Amino acid sequence: MLNGQLKPDSGSVRLFGKETVGLKPPEIWRLGVGRTFQITATYSSMTVCENVQMALLSEHQQLMSLTKRASGMYRPEALALLKQVGIEEQEDRPCSTLAYGDLKRVELAVALANNPRLMLMDEPTAGMAPKERVELMALTAEIVKERNLSVLFTEHDMDVVFAHADRILVLNRGELIADDTPDNVRNNSEVQTIYLGSETEEIAHA
């Protein structure tokens, strides 16, 4: 709903003081909302740099410029974003040839193309190896700090959640069962029973 893909049955959604119910995803994107997806959403036949250039063309409302000359448009800006996410050396590789962890970085660069104030991240570490998860979330945290971003992310890896969230909302079968600080959520008996189990008990007794 925050991204405009679902319409609420009732109520209001406000971002940056603006009512967004009824706005389309591109309109919300231009308000300053970036997004990454659980399953990476890149153009596999295009190069790494071209994917980011596409996002920049969209941000500047120049998608009608997708002609041969468009291949050079916003390339320096795209390369700067790729450098920020650590894959500038792969700029000319087709996305179809990238490892999954690198695709996640491309998607992060694309999400930053509209210079967002809010980043929505759906399962940012899904499908990644443990080392890749740590690296991607450390990179994300660094970018968030540099750009003074707000981030709302969904995640089932509790280690990732507790390492990076400063406020946690926990759902069980569609019902909100906790909305609190990491420490309070960790000590919430209902959350422990449903999500954390014996691991939390072992930590508490250590």
*Kindly indicate the residue of the range 78-120 that is touching a residue at least 12 places away in the same chain (Cβ under 8 Å) and among the acidic types (D, E) and also nearest to V134 (Cα to Cα) among those meeting that condition.*
D102
*asked:* With the requirement that a residue be surrounded by fewer than 17 Cβ atoms within 10 Å (Cβ to Cβ) and of a type outside the set (S, T, N, Q), what does the range 179-200 give you?
replied: D179, D180, P182, D183, E190, I194, G197, E199
_All helices (runs of 4 or more DSSP H) inside the range 127-186 with 3 or more residues being touching a Leu at 6+ places or on another chain (Cβ under 9 Å) and hydrophobic (A, V, I, L, M, F, W, C)_ = 130-147
*So Y43, is it among the aromatic types (F, W, Y), within 21 Å of the chain's Cα centre (by Cα), within 30 Å of D159 (Cα to Cα) and surrounded by fewer than 16 Cβ atoms within 10 Å (Cβ to Cβ)*: no
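Readers should treat all values here as calculations from the given coordinates under stated rules, not as data from a laboratory. Remember, it's a predicted structure, so these values are computed and weren't measured experimentally. Reconstructed Cβ throughout: ideal geometry from the backbone, glycine too, with neighbour counts over all protein chains shown.
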